[in-house]
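Working notes, beginning with the structure itself.
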Amino acid sequence: MSFYILPISIGLAFVLDLIVGDPYWFPHPVIYIGKLISGLEKAVRNSRLFTSEKKQKLCGLLIWVSTVLITAIITYFLMSIFARNVVTILLGNAIIICISLSTKCLGQEAKKVYHKLDNIDEARLQLSYIVGRDTSNLSEEEIIRATVETVAENTVDGTIAPMMYAFIGGPILSMVYKAVNTMDSMLGYKNERFINIGMFPAILDDIFNFIPARFSLVSFTIASFFLGYNWKKSFIIGIRDRKNHNSPNCAFSEGAIAGALGVQLGGTNIYFGEEVYKPTIGDRNRNLEREDIISSIKLMNFASLISLMIFLIIYMIFIVLRCI
């Protein structure tokens, strides 16, 4: 593959995602990845392998390997369909990579919560579509907090990470990342049902997100500077509170946004009927307000663009070094 095809494809994918997003009528591959994971989970739970904690953990690894391999093979097959000439390769790569991005979709879903805030019950319901926590009794401020946290966390999962892996390994690796992230969102819970089978999916998702999460701190800081938010606090809080989360990665992006906006995120949430305590992130300089949702979306969009530009520069430097 010529060196220019991949960066152009990723740039096209980013623009396409911002314009088109994820249309509701489009059969998104993540739906089928989810069905594959559910099918594999059901199969292993009903098998003789699922008889001890150790074997349950191995079943989780088996699901992970199977899902990654199947996703990679299908993506390779789709790429081969488009491998006719430079134009079709560019378009094919762009479409597949675009599928792995979810910048516009995330912004749209967050705005839906924002527009429902005049009716607390409708806002809770709308929020329940994009978070895993119990939303039935959340106050308006808790709804806002959950939405801002989701935008911060999913800027990494939905844009920065798949974009980075696209630069490293093209459409195949970007879709593999999407499969890894989907497995974590479905299996990576620390409750009785998933604690064993979800161990490897959760650990491997943390590994895949290790660099993108830390890179997001840089992107959010730069975005905060250009958008007029507190860029110094964005970086400082992102570093200071980086360990204030059950995940080794999520606090970087959440801390960056919390610092930029001068608010506090984190705290206790309800998942599957169980109370889960999370340390707070950021300083409570003021209460969360509705417009913080819009501000977080602006930061997400600009941080995504900054990430694309930095990845492109790194990619071109690497190409030049290879040619020397």
task = Can you confirm whether the stretch 231-250 contains a residue that is touching a Phe, Trp or Tyr at 6+ places or on another chain (Cβ under 9 Å), aromatic (Phe, Trp, Tyr), surrounded by 14 or more Cβ atoms within 10 Å (Cβ to Cβ) and without any contact (Cβ under 8 Å) to a residue 60 or more places away in the chain?
result = yes
ask   = Tell me, which helices (runs of 4 or more DSSP H) wholly within the stretch 184-288 include 1 or more residues that are basic (Lys, Arg) and within 20 Å of Ala303 (Cα to Cα)?
value = 199-227, 231-240
query = Can you find a residue in the stretch 138-147 that is part of a helix (DSSP H, G or I), within 22 Å of Leu18 (Cα to Cα) and at pLDDT 95 or above?
reply = yes
query = Do we find that Ile319 is assigned to a helix (DSSP H, G or I), among the β-branched types (Val, Ile, Thr), closer than 20 Å to Thr155 by Cα and out of contact with any strand residue (DSSP E or B) (no Cβ under 9 Å at 6 or more places or on another chain) in this structure?
reply = no
request  = Starting from the stretch 22-48, keep only residues that are of a type in the set (Val, Ile, Thr), then list their pairs with residues that are outside any helix (DSSP H, G or I) and at pLDDT 90 or above whose Cβ atoms are within a distance under 8 Å, requiring at least 6 positions of separation or different chains.
outcome  = Val44/Ile197
request  = Keeping to the stretch 105-129, report how many residues are part of a helix (DSSP H, G or I), surrounded by fewer than 18 Cβ atoms within 10 Å (Cβ to Cβ) and either of a type in the set (S, T, N, Q) or in contact (Cβ under 8 Å) with a residue 24 or more places away in the chain (or both).
outcome  = 3
ask   = Is there a residue in the stretch 268-278 that is of a type outside the set (Gly, Ala, Ser) and within 22 Å of Thr103 (Cα to Cα)?
value = no
Hits in the stretch 48-75 (condition: small (Gly, Ala, Ser) and surrounded by 14 or more Cβ atoms within 10 Å (Cβ to Cβ)) = Gly60, Ser66, Ala72
task = Determine which single condition Ser2 fails, assuming it passes every other condition in (1) outside any helix (DSSP H, G or I); (2) under 30 Å from Ile195 (Cβ atoms).
result = (2)
ask   = Which residue, of Ala260, Ala223, Ala251, is under 30 Å from Met309 (Cβ atoms) and touching a His at 6+ places or on another chain (Cβ under 6 Å)?
value = Ala251
inquiry  = Among the residues in the stretch 150-158, are any surrounded by fewer than 22 Cβ atoms within 10 Å (Cβ to Cβ), in a helix (DSSP H, G or I) and charged (D, E, K, R)?
reply    = no
query = Can you tell me which of Ile99, Ile95, Ile73, Ile10 is of a type outside the set (Ser, Thr, Tyr), more than 18 Å from the chain's Cα centre (by Cα), closer than 30 Å to Leu305 by Cβ and part of a helix (DSSP H, G or I)?
reply = Ile95
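The values are calculated or read from the model by the stated rules, or taken from the named source; none is laboratory data. The structure displayed is predicted, hence computed values, not measured ones. Positions of Cβ are backbone-derived with ideal geometry, glycine not excepted, and every protein chain shown enters the neighbour counts.
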